[in-house]
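Peer 1: Handing you a structure now.
We did not get these values from a lab; they are worked out from the coordinates using the rules stated. Quick caveat: nothing in here was measured; it's all calculated off a predicted structure. FYI the Cβ positions are ideal-geometry reconstructions off the backbone, even for glycines, and counts take in every protein chain you see.
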Amino acid sequence: MRDRPIIFSAPMVRALLDGRKTQTRRVLKPLKSDGPGYVTWPIYARKNEGMRRCGSSTQPDRAAPYAVGDKLWVREAFVVGHDIDDELGRPVGEQKVWFRATDSRLTWFDPDTESTLDNPPWKPSIHMPRWASRLTLLVTDVRVQLLQEISEADAKAEGVWRDTNGWVDYLFPGTQCCPTAAQSFCTLWDSLHGPGEWDVNPWVAAISFSVHIGNIDTLEPGHA
């Protein structure tokens, strides 16, 4: 088993918190291309609770650096600060972590100008330290597949949202909808990775997990 960070966007963090998201797909990167239709993939082996690369293969199923039992601590956009006194507009209490996915209307006290701001200085998710994470994912299954092989059930497990008009179009939210969860996931993928990236159809690690609300270092031994 291995502990490692994993980044999620604000909509996907909300899907995790809501219990709608129990899968994620991550692109597998080959070592090199060996010509049309052929690539060399890394082979991963576990040693002393860590991970090392121990060779290469033309089989993509050898290329997933995830395994059942891994614990993934979620990184998301955040900021550290104080609660604000409603009357005085001054900071009160101990510092704590705020999260952009759920605290987007946070009023922020700027100590440099001693004034309150409507837009806190959010830090990118890549900079979130382990101690600040509030979500932990316990990996229950890992499959290697082409991105476009995703099923309708798996697309729903990816946490795409359905409103009264249909499945959300993440490229044009609020203006268009999709007839299926799989097509909604297609728009989600392109919104995260760039227009046209769905059509590339890369090999991905399809990771299933259970969601635990809390920091990875506070999980009970039974979750290890």
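Peer 1: What angle, in degrees between 0 and 90 and rounded to the nearest 10, separates the Cα long axis of helix 181-193 from the longest principal axis of the Cα atoms of the chain?
Peer 2: The answer is roughly 70 degrees.
Peer 1: Excluding same-chain pairs closer than 8 in sequence, count the lysine pairs in the chain whose Cα atoms lie under 20 Å apart.
Peer 2: 4
Peer 1: To continue, here is another question. So what is the calculated 222 nm ellipticity per residue for the chain, using -39500 (n - 2.57) for each DSSP H run with n of 4 or more, over all residues, to the nearest 500 deg cm²/dmol?
Peer 2: Per the formula, -4000 deg cm²/dmol.
Peer 1: 5 Å is the cut-off here: which amide hydrogens, built 1.01 Å from N in the peptide plane, fall below it relative to A64, excluding neighbours closer than 5 in sequence?
Peer 2: For A64, no residues qualify.
Peer 1: What whole-number distance in Å separates the alpha-carbon centres of the range 3-42 and the range 58-88?
Peer 2: 13
Peer 1: May I pose another question? Can you give the Rg and Dmax of the range 68-224 based on its C-alpha atoms, in angstrom?
Peer 2: Both quantities, over Cα of the range 68-224: 19.4, 56 Å.
Peer 1: May I ask you to order 3-12, 51-60 by the average number of other C-beta atoms within 10 Å around their residues, highest value first?
Peer 2: With the highest mean Cβ count within 10 Å placed first, the list reads 3-12, 51-60.
Peer 1: Express the Stokes-Einstein translational diffusion coefficient of the range 78-123 in µm² s⁻¹, to the nearest whole number, given a Kirkwood radius over alpha-carbon pairs, 37 °C and a viscosity of 0.692 mPa s.
Peer 2: Result for D is 307 µm²/s.
Peer 1: Moving on to the next point. Multiplying the sequence separation of D118 and C54 by 0.36 nm and subtracting their Cα-Cα distance, what value in nm do you get?
Peer 2: Length gained, D118 through C54: 18.0 nm.
Peer 1: Given Cβ point charges of +1 (Lys, Arg) and -1 (Asp, Glu) and nothing else, what value in debye, to the nearest 20, does the dipole of the chain about its Cα centre take?
Peer 2: It works out to roughly 1140 debye.
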